[in-house]
Amino acid sequence: IVKGGIVKDEIVYVTLDADGRVEDIYVVNRFELPEAQTVFDYGEYKELRNLTNTNELAYGSGQVRVDAGAGTFYYQGTLKSKQIPWLFDIQYTANGHSLSGEDIAGAQGEIGIEINVAKNRNVEADFFEKYLLQISVSLDGDIRRDIVAPEAAVANSGRDKILQFTLLGG
């Protein structure tokens, strides 16, 4: 609870390139509002998007302001910074031979993907030590079959296979 009965939570999404470098970070902020009011929130964003209605989001000096009705209100902000608590190194193999992230896309045969996660020492340690990390890998189910990922939850999403890994803090 933020104040005045307002409940806020946020989820941070990070898009990585094929080698594990951060491309973009966006935050989905969710508010439960007991009544219509002006919402103030904070973050260093380069882009904002109202996900609930067409009300304009005002932004300046790191402060987001919007008039919102009672109930649930969502907005998304793309962060200016590309620093996250984790460093990722993604390695690929095709039939036992190492390939780059660019070359793996068209590879045939037995494909291996190894994702190594390490602590980013340039970010406050509490985030790495106390926050949950979920990694999602989407594979085209029409192309990739016989998927083996013993530590992942595997789900279907249309024709895609989604591999979901969960790492606890630390």
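The values are calculated or read from the model by the stated rules, or taken from the named source; none is laboratory data. Computed from a predicted structure; not experimentally measured. Cβ: placed from backbone, ideal geometry, glycine included. Neighbour counts: every protein chain shown. In case anyone asks, the SASA skips ligands and DNA or RNA and just uses the protein heavy atoms, side chains included. Shrake-Rupley method; radii C 1.70, N 1.55, O 1.52, S 1.80 Å.
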**Report entry** In region 64-87, residue most open to solvent (accessible area, probe 1.4 Å) [restricted to those that are over 25 Å from ALA125 (Cβ atoms) and outside any strand (DSSP E or B)]
**Finding:** ALA70
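Quick check: is even one residue across region 114-122 in a helix (DSSP H, G or I) and touching a Pro at 6+ places or on another chain (Cβ under 6 Å)?
no
Does region 32-44 contain any residue that is open to solvent by 20 Å² or more (accessible area, probe 1.4 Å), in contact with a Ser or Thr (Cβ under 7 Å, 6 or more places away or on another chain) and within 19 Å of GLN83 (Cβ to Cβ)?
The answer is yes; a qualifying residue exists.
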Query raised in the report: Do any residues in region 140-161 that are under 16 Å from ILE104 (Cβ atoms) have Cβ atoms under 6 Å from those of residues that are open to solvent by 80 Å² or more (accessible area, probe 1.4 Å) and in a loop (DSSP other than H, G, I, E, B), where the two are at least six apart or on different chains, and which pairs are they?
Result: none
Query raised in the report: If you check GLY158 against the conditions, is it at pLDDT below 90 and on the phi > 0 side of the Ramachandran plot?
Result: no
Report summary line: Those residues of region 10-27 which are among the aliphatic types (A, V, I, L, M) and open to solvent by less than 30 Å² (accessible area, probe 1.4 Å) amount to ILE25, VAL27
